[in-house]
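*Asks:* Sharing a structure, written as structure tokens. Questions coming.
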Amino acid sequence: MTMGAHKDPPGSETGQQDILTYPPFYLKEFETSYRYIIDTYEVAPRDIAIFLPCAIRKPYSSSPSHQLIRMVISQVFDPSQYHIVVFGTCGIVPAELEEMYPFAHYKYMLGKCKDKKVLEDFLRIETGRIAGYLDKTRHVYQYDLVLPTRDMINKIIEEEDCVFEEGSLSMEEYLGEFCDELVGFRNAHYGAGRYSSSY
């Protein structure tokens with residue numbers, strides 16, 4: 001899927017025209033795509049929005065971490081109940097648009113960045129984009145779930161001297177919390193075991 005014609009995007013690697021390597025949150029392609037999602041794209045109503053961090057592998061659903069997470073979600077909820085939304089250096093992306101340019105055409109790891117200005121810019125830009133999406137979808141979802149929680153991230157950093165890198169979301173601590181939180185949410189709002197006997 002594409003937003004339209006594009007030539008020689010900034011940050012593209014030699015011989016790989018569509019692979020963007022500059023911090024994506026600075027690039028006009030990502031702002032244009034974000035504006036499309038906010039101004040034009042119609043998000044189908046669902047009970048629950050589940051927000052997942054982006055992955056180094058593209059499309060995101062091909063990431064082993066995302067595949068594990070999607071498996072857990074599918075064992076707890078019926079597909080008609082939830083909508084997966086990806087956020088991070090990409091901005092914010094409804095999962096069904098993951099192959100749209102430029103979301104499947106960049107390679108950048110914020111975890112390796114040591115530039116304070118870049119990190120501050122990312123936080124400012126990404127916070128604004130998430131806020132814009134939440135405002136757009138305020139009547140689309142009944143509940144918003146963002147996992148892993150900040151408490152879990154801080155716990156891993158403090159106890160494991162962890163750096164965030166490819167595969168971080170596959171860590172047992174994250175998956176355990178993710179499953180526990182989903183099951184707890186389901187049981188509180190829909191009743192225990194309504195959609196799966198697995199949990």
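*Asks:* What is the number of the single condition among (1) touching a residue at least 60 places away in the same chain (Cβ under 8 Å); (2) farther than 15 Å from E29 by Cβ; (3) charged (D, E, K, R) that K112 does not meet?
*Replies:* Every listed condition holds for K112 apart from (1).
*Asks:* If you check L147 against the conditions, is it crowded, with 17+ Cβ neighbours inside 10 Å, of a type in the set (A, V, I, L, M), at pLDDT below 80 and within 25 Å of P23 (Cα to Cα)?
*Replies:* yes
A quick yes/no check of all residues on (1) part of a helix (DSSP H, G or I); (2) at pLDDT 95 or above:
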residue	(1), (2)
M3	no, no
P10	no, no
D18	no, no
Y41	no, yes
R57	no, no
S65	yes, no
S74	yes, no
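*Asks:* Does V93 satisfy the criteria of being crowded, with 19+ Cβ neighbours inside 10 Å and more than 23 Å from T21 (Cβ to Cβ)?
*Replies:* For V93, the condition - crowded, with 19+ Cβ neighbours inside 10 Å and more than 23 Å from T21 (Cβ to Cβ) - is not met.
*Asks:* Out of F122, F87, report the one residue that is part of a helix (DSSP H, G or I) and surrounded by 15 or more Cβ atoms within 10 Å (Cβ to Cβ).
*Replies:* Matching residue, one of F122, F87: F122.
*Asks:* Condition (residue is outside any loop (DSSP other than H, G, I, E, B), surrounded by 18 or more Cβ atoms within 10 Å (Cβ to Cβ) and not hydroxyl-bearing (S, T, Y)) applied to region 102-111: is it met by at least one residue?
*Replies:* Scanning region 102-111 turns up no residue that is outside any loop (DSSP other than H, G, I, E, B), surrounded by 18 or more Cβ atoms within 10 Å (Cβ to Cβ) and not hydroxyl-bearing (S, T, Y).
*Asks:* Name the pairs whose Cβ atoms lie under 9 Å apart, with the first residue in region 49-65 and more than 16 Å from F178 (Cα to Cα), the second of a type in the set (F, W, Y), and 6 or more positions between them or separate chains?
*Replies:* Short answer, once both residue conditions are applied: I56/Y108; K58/F103; K58/Y106; P59/F103; Y60/F103.
The values are calculated or read from the model by the stated rules, or taken from the named source; none is laboratory data. Here the structure is a predicted model, which is why all the values come from computation and not from measurement. Every residue, glycine as well, gets a Cβ built from its backbone with ideal geometry; the counts of neighbours run over all protein chains shown.
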